[in-house]
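Comments concern the structure below.
Bear in mind these aren't lab numbers, they're just calculated from the coordinates by the rules spelled out. Everything numeric here is computed off the predicted structure, so don't read it as measured data. Every residue, glycine among them, receives a Cβ derived from its backbone with ideal geometry; neighbour counts consider all protein chains shown.
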Amino acid sequence: MANHIFRGRLLRRGMDGYELARRAAVWNERKPDRYPDAILLAEHEDDVVAGVRLAADNGWTIGIRSGGHSWVGNGIRDGGLLLDLSRLDGIALDADARIARVGPAVKGPALNARLGEHGLFFPTGHAPTVGIGGFILGGGYGWNSRFWGPACLSIRAIDVVLADGELVHADDASHPDLLWAARGSGPGFFGVVTRFHLDVHPAPTRILRTVHTYPIALRDEVLGWSYDMLETLSPAVEISAKVGHAPGLGEPAVSLTCTAFCTPDTGEDLLAPIEAIPVRDQAIRATVNQETTIAALYDAADRLTPEGYRWALDGIWMDGDSGDVLDAARPMLDDIPPGLNFVLWMLWGGYPERANACWSAQAKLYLSPNAGWVDPAEDLRHEQWAHGTLAAIQHRSKGLQFSDNNLADRFDLGLSATNAERVEEIRSHYDPNGRFNGYMRPGESTTAYAAWLRTE
């Protein structure tokens, strides 16, 4: 057996620092009760190569943590090795070629601050705490993704450590199947990406924002109107509604938020249609066409799901007649628990799929319950709302976003059935012995909801 040398620390279960590293690997205060045999805090891609080879020598499976924002701690499994990549956060930019080479732990604010110095932009995750790794492998719906598409479509190439410990550079010519799977397979990807080579884009010349807040009694009018008028908006406008917790109001409300990423080609008169909502004169408060920055957008998203709380999220893609969609969503909307809980009504509208990407689950609307609480004794109530209300309308689902879903608690497809089958075929070639953990299975979930399901 080889003598493996690491720049970072290898923490075996029971060692000082192990439990701190295990808990720190999950941003969510709701930590999973799963315990790897060892955790490798990688400092360099050489550590990743050595870590994969160590796992092979020990017969370990491998879980991966990039930024640590997985709501369910997908990388943390019982037994095996947890590869913690949170220190791999380098950024190298070729501004002339519009290519950024980034580590998997790079977060949106750092990347867009660097790009912004050169008039460039990338559609990172909305929350500033989201690392690029898990976000982009899972598709990556981020800032201005209605215009640029999901972030995975901007992957030019990856540097990836395979199951045998070989580090390869994969692009559409050298490893087309591997890169095809990296563009959207999420936690089912069968390698450790140590560097993403990304196509970056021209930055918007101005970012404008309109936010209306309405009484909760107008919920259905606001949601239905926004759904029906989506096609009239420029794809450079990101539009969503939020139902439930409303900071500063003291009571639930429904807010409509529209962000325009303006360029000389789009013009700046992109948000005027929002003022035509029939209930406009009943808004409790409104900000109209206000200039903002990407830094301010990150800050607003950060306040939506603050640290220090136990969070459970889920979501499904839906389409169809707005009345039918509202009818399906109504039980969830009517039963939002008190506290920080809310539902996001995110109108993406669809984006052309590509043959060189497995990403393939989308629809007009992404419906996402978000539950946040403090007391562990309340886990089941909030988890039942977040997952159970969607399970009840599973027949309406067009799929899910890997970034939000706990597949072990409510299974759904994050890819088309055809693409999901092809991912498994490619996995059998690149990882024939199952070295890398795939999608989480029901028996691995340690949530209160999973325990309740096992009794049903």
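Overview of results
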item	result
Residue-span extension gain [Lys31 to Asn3] - 0.36 nm each, minus C-alpha spacing	6.8 nm
Förster radius 35 Å - calculated FRET efficiency between Val288 and Asp324, Cβ distance, rounded to 0.05	0.65
In degrees, nearest ten, helix 45-58 long axis to first principal axis of the chain (Cα)	60
Size of electric dipole in the chain: Cβ of Lys, Arg +1 and of Asp, Glu -1, about Cα centre, debye, nearest 20	700
Net charge of neighbours whose Cβ lies under 15 Å from the Cβ of Val279, counting Lys and Arg as +1 and Asp and Glu as -1	-2
Percent breakdown of C-alpha pair distances by 10 Å bin, ordered from the shortest bin, for segment 190-276	15, 36, 24, 18, 7
Percent of C-alpha pairs per 5 Å bin, segment 233-274, short to long	5, 21, 24, 15, 12, 13, 7, 3, 0
Spin-label pair Asn58/Asp228, simplified geometry with 7 Å Cα→Cβ offset, distance in nm	6.0
Sequence of Lys107, Lys364 once ranked by neighbouring C-beta atoms within 10 Å, starting from the fewest	Lys364, Lys107
Most positive-pole-ward Cα, Thr389, Ile64, Thr287, against dipole of the chain from beta carbon charges	Ile64
Listed residue (Ile5, Ala92, Thr124) projecting farthest to the positive dipole end of the chain, Cβ model	Ile5
Segment 305-441: C-alpha gyration tensor shape, a/c 1.5 cut-off, then a/b vs b/c	oblate
Rel. contact order, % - alpha carbon contacts under 8 angstrom, at least six apart, the chain	16
Kirkwood Rh (inverse of mean 1/r, distinct Cα pairs), segment 1-160, angstrom	16.5
Cα principal axis extents for segment 404-456, largest first, Å	37, 24, 20
Efficiency of FRET between Asp281 and Leu413 - r from beta-carbon atoms, R0 60 angstrom, step 0.05	0.90
Computed lengthening from Arg454 to Leu304, 0.36 nm per intervening residue step minus Cα-Cα distance	50.8 nm
Relative contact order of segment 206-396, pairs being alpha-carbon contacts under 8 Å that are 6 or more residues apart, as %	27
The chain - mean residue ellipticity at 222 nm from DSSP helices (-39,500 (n - 2.57) per run, n ≥ 4, rounded to 500)	-7000 deg cm²/dmol
Ranked list, fewest to most other Cβ atoms within 10 Å of each Cβ, for His69, His212	His69, His212
Charge sum, other residues only, whose C-beta stays under 12 Å from Asn289's C-beta, Lys/Arg counted +1 and Asp/Glu -1	-2
Förster-model FRET efficiency, 41 Å R0, Glu378 and Asp96, C-beta, rounded to 0.05	0.15
Neighbour-count order for Ser234, Ser174, Ser240, fewest beta carbons within 10 angstrom listed first	Ser174, Ser234, Ser240
Radius of gyration and maximum dimension Dmax of segment 206-396, Cα, Å	16.9, 53
Cα convex hull of segment 22-116 - mean projected area over all directions, nm²	6.7
Spin-label model distance (nm) - Leu20 vs Ala272, 7 Å beyond Cα toward Cβ	5.9
Segment 318-456 - percent relative contact order, Cα under 8 Å, separation 6 or more	25
